[in-house]
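The values are calculated or read from the model by the stated rules, or taken from the named source; none is laboratory data. Treat the numbers as computed from the prediction; the structure is a model and nothing was measured. Ideal geometry is used to build each Cβ from the backbone, glycine not excepted, and the neighbour counts take in all protein chains shown.
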Amino acid sequence: MNRLPLIAVAGNPNAGKSALFNALTGARQKIANYPGVTVERHVGKLTLPDGRPAEIVDLPGAYDLEAASPDEQVTRSVLLGEGDYERLPDALLIVLDAANLDNHLRFALQLIDLGLPTVVALNMLDLAKRDGLELDARRLEAELGVPVIETVAVRRRGIEAVREALASAAVARRDRPEPAAPSSDGLSLQHRARAIARAAIVAESPSRALTHRLDAVLLHPLAGPLILAGLLFVMFQAVFAWAAPPADLLEALAIGAGNSIGAALPEGWLRSLVVDGLFAGVGAVVVFLPQILILFLFILMLESSGYMTRAAFIMDRVMRRAGLNGAAFIPLLSSFACAVPGIMATRTIDDPKDRLLTILIAPLMTCSARLPVYTLIIAAFIPEVTVGPGIGLQGLVLFGLYVAGIAGAVLLGTLLRAKVVRGGGAAFMMELPKYQLPRFGDVLIGLWQRAWIFLKRAGTIIAVTTVILWALASYPKAGQGEVQSEVSIAGQIGDAIHVVVEPIGFNRDISLALLPAMAAREVAVAAIGTVYALDAEDEAGLETLETRLAGRWSLATALAFLAWFVFAPQCISTIAVTRRETNGWKWPLFMTGYLFAVAYVAAGATYWTAVAFGLG
Amino acid sequence: MTETPAILRTLDQLALGTSGRVAAIDWDALAPRDALRLRHFGFDEGVQVTALHRGPFGADPLAVRVGRMTVAISRAHARAIGLATASPATAAA
C-alpha cells in the first residue's frame, strides 16, 4: 500500500496554525469530525517542491500534551500514536508565535522530544517586530536541533521555505522509533523554554504594543461594552440590509426558473413535482444564503481578528447570570448563525457541566434557519409602519423575537442549572491573543466552506423532504369541490397533529408544516409554500406566499406560530450534533422534549393573550 | 496561604498597569483543570505579572500579562496567586 506521507501541523492556540495550514493547502482541504468526538479534523493536500504529494492535517491547538480539553486530547492521541483518530504522522510542523516564545516553546520542546522528523515555523514575525522584538532564528535552530523557518503565514511569507524543509523532513523518515514518552516534568520544561527564549531574543524595545493600545479602548469599562453592543447591532443590521438585494435577486431567479421550466414541461405530475415541489421548496430556502453568509462573515472576522475573546471577556459577568461564563459567549453568538457550529464551538469550554448547559441553551439563539419563518410571517401580518424615527414595526417585532430567545435562554439556563445540570460554574480562563488584520483569502475559505455546507443541506435534506412532502400533499388527488391540502395523506397527518396543537391556536397548515420543519426549520416555509402552490394549481405559476398567508391565518395564530419558533422545533442536525457531542441519546432527547414543552406553553400563552385582545 | 509571611497581597489586588512577582500559588484552592490551565499559561513562582484590565461588570474577570502573553482569568483565580512584596522598581513599571 502506497500511502502519502502525512504531515501534522501542531502548536498553541493563536499561533497562526490555521493560516499556515491554509497557506500550504489553499482551498484543497476538507473539514470533517474525528470519529466519536466533535473535534473538527482539517485535512488537505500539498505538493512538496520535489513533486511528491503529501497529506497534511491541522491538529487542534493545544498548550500541552497533558490534555485539559477534548481538543488537546485529540492532538495528544494523534502525536503519541494512540487511539485511532489518525495514523502516526511522518513529519511534524510546529507553529510557534514569535512574539510569545517563552510560553509556546514549552509545548514545542515537548513535541520535539517525541522524536518525529520536525520543522519549526517561527510564525507571526511581523507582530513580534511590531512589539519591538528581534529574534535570532539560527540561534533558536541551534538550541532546538531542528530546522527553524521564519514565516508570516497570514501574509504568505516563508511558505516556500516551509515546503522545502518539510520535503527533507518527510524523506528523513527511516525506521523511526516509536514516539518517546512525553516529559511530564512541566516545571523543568518551562525553565528550558525560558532559557532558550532568552537566548533567541536579540533585542527587545519596550514599545507599547498595538494590542495594548487597542485593548485600552476595547476593554475600557465603559467604552468596551458600548463598542460591543454597537458591533452586534451593525452585524444584525447588516444581515438584513445587505442581504436584501441579493436575496431578492435569488428569489426572482428561483421563481423565474421554476415558471419557465414549468412551462417547458408537459402538464402533469412531473411539472407539479418540479414547480410546486422542488422550486417552491428549495427556492424558498436558498433565498437565505446571503443572510447566512453575511452573519458568518462577521463571525469569522471577529474570530480571526482576535476580538471574539475580548467580547467573551466583556460578557463574562453577564453570562454568569445564566449560570455560565464568558467562554460560553462565543458558541452562543455563533448559534445565531446556526446551532450546529455553535454547539461544536462549545468544545472550547473546558468544564463538562458548563459545556452541557451551553449546548442545551444554544438552540434558543435565533439561528438563521428561523429567519425565513420569521421574515415570512412578519411580512404577511405585521403592517409596514414606523413607530418612531427610523424604527419600523416589522424590524421591532423581529428584534423582539431575538430578545425573546435570549431572555428564554437566560431563564431556562438558570432553571436548568438549578434543577438539571447542577455543579459546573467554572471560572473564566482564556488567552487574549494579539489583534491582527484577518487575511481576506482565509475568511473567504471559511465562508466558502459554510456556504457549501448550507447548499448541500438545501440540495439534499431540504430537497428530499420537500419532495416527500409534495408527494404526500399531492395524493390522493382531490375530487370535484374538494381542497387538495385536505384530502391528501399530508392533510390527514396534519389533521392528526392538529388535534394536539389546536388548543394553542395552530391551524391545519401549520400542523402540516411542523413535522417537516424538524428536518430543517426553513422547511416550514417550504412546506407551507408547497401546500399552497398545490391548492392554487389553477392560478398561474408561483406568487408570493405572504399574500396567501395573510388571507388565511388570524393574527393570533401567526403570533403563536412565531412564539413556537422561538423555542422549537429542534432540527435533526441540531439533535444529531448534540447526540455526538454528549455521547448518547439522553441529552438530545431531553433537549428536544423540554424545548417542545416550552414552545407549546409559549405559543399557547401568546395565542390566548392575543385572542383576549380581540386579535383572534 | 495567609501564613506565608512574604506575601502581602494577591494578584486581584494589584493596581491596573502595575507589575508584581509571583511568590506562591495556592494550587489547592484551584480546581485541578484550572490549575493545569494556569500552569500552561505560564503562571509559576518567580514569574512577573502585570494587571492590565478588569471586566466592566463587577471588576471581573482580570486581564493579566504573563510573560509575553495576555490571559483573562477570574478574580477567584487571581486571589489564589500571591505576589512578593512590591519593590519600588516593579511598582513603577
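Residues of region A:556-596 that are within 19 Å of residue A:515 (Cα to Cα), surrounded by fewer than 17 Cβ atoms within 10 Å (Cβ to Cβ) and without any contact (Cβ under 8 Å) to a residue 24 or more places away in the chain: A:576, A:589, A:593.
Mind telling me which of the residues A:155, A:173 ends up being out of contact with any Leu (no Cβ under 6 Å at 6 or more places or on another chain), surrounded by 15 or more Cβ atoms within 10 Å (Cβ to Cβ), modelled with pLDDT under 85 and within 25 Å of residue A:21 (Cβ to Cβ)?
A:155
A count restricted to region A:41-73 and to residues that are at pLDDT below 85 and surrounded by fewer than 18 Cβ atoms within 10 Å (Cβ to Cβ) stands at 1. Within region B:67-89, the set of residues being part of a strand (DSSP E or B), more than 7 Å from every other protein chain (Cβ to nearest Cβ) and at pLDDT 90 or above comprises B:81, B:82, B:83. The set of residues from region A:213-247 being surrounded by 15 or more Cβ atoms within 10 Å (Cβ to Cβ), within 14 Å of chain B (Cβ to nearest Cβ) and within 22 Å of the chain's Cα centre (by Cα) comprises just one member, A:228. In the set (1) more than 13 Å from the chain's Cα centre (by Cα); (2) buried (at least 22 other Cβ atoms within 10 Å of the Cβ); (3) within 14 Å of chain B (Cβ to nearest Cβ), the condition left unmet by residue A:358 is number (3). Among the residues of region A:475-519, which ones are over 34 Å from the mean Cα position of the chain (by Cα) and among the hydroxyl-bearing types (Ser, Thr, Tyr)? Scanning region A:475-519 gives A:475, A:485, A:488. Among the residues of region A:363-377, those that are in a helix (DSSP H, G or I) and in contact (Cβ under 8 Å) with a residue 60 or more places away in the chain comprise A:363, A:364, A:368, A:369, A:370, A:371, A:372, A:373, A:374, A:376, A:377.
Scanning region A:470-496 for residues that are buried (at least 18 other Cβ atoms within 10 Å of the Cβ), of a type outside the set (S, T, N, Q) and modelled with pLDDT of 75 or more turns up A:470, A:472, A:473, A:490, A:491, A:494.
If I ask for residues that are part of a helix (DSSP H, G or I) and either modelled with pLDDT under 70 or over 17 Å from residue A:377 (Cβ atoms) (or both), which ones from region A:532-544 would you list? Residues satisfying the conditions are A:533, A:534, A:535. In region B:55-66, the residue that is farthest from residue B:18 (Cα to Cα) out of those that are within 7 Å of another protein chain (Cβ to nearest Cβ) and in contact with a strand residue (DSSP E or B) (Cβ under 6 Å, 6 or more places away or on another chain) is B:61. Among the residues making up region A:117-164, those that are within 20 Å of residue A:6 (Cα to Cα), of a type in the set (A, V, I, L, M, F, W, C) and in contact with a helix residue (DSSP H, G or I) (Cβ under 8 Å, 6 or more places away or on another chain) are A:119, A:120, A:121, A:146, A:148, A:149, A:159, A:162.
For (1) within 30 Å of residue A:526 (Cα to Cα); (2) more than 14 Å from every other protein chain (Cβ to nearest Cβ); (3) surrounded by fewer than 22 Cβ atoms within 10 Å (Cβ to Cβ); (4) of a type in the set (Val, Ile, Thr), each residue gets a yes or a no:
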position	(1), (2), (3), (4)
A:307	no, no, yes, no
A:317	no, no, yes, no
A:324	no, no, no, no
A:363	yes, yes, no, no
A:379	yes, yes, yes, no
A:386	yes, yes, yes, yes
A:391	yes, yes, yes, yes
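For region A:95-129, the set of residues classified as of a type in the set (Asp, Glu) and either in contact with a Cys (Cβ under 6 Å, 6 or more places away or on another chain) or within 14 Å of chain B (Cβ to nearest Cβ) (or both) consists of A:97, A:102, listed by residue number.
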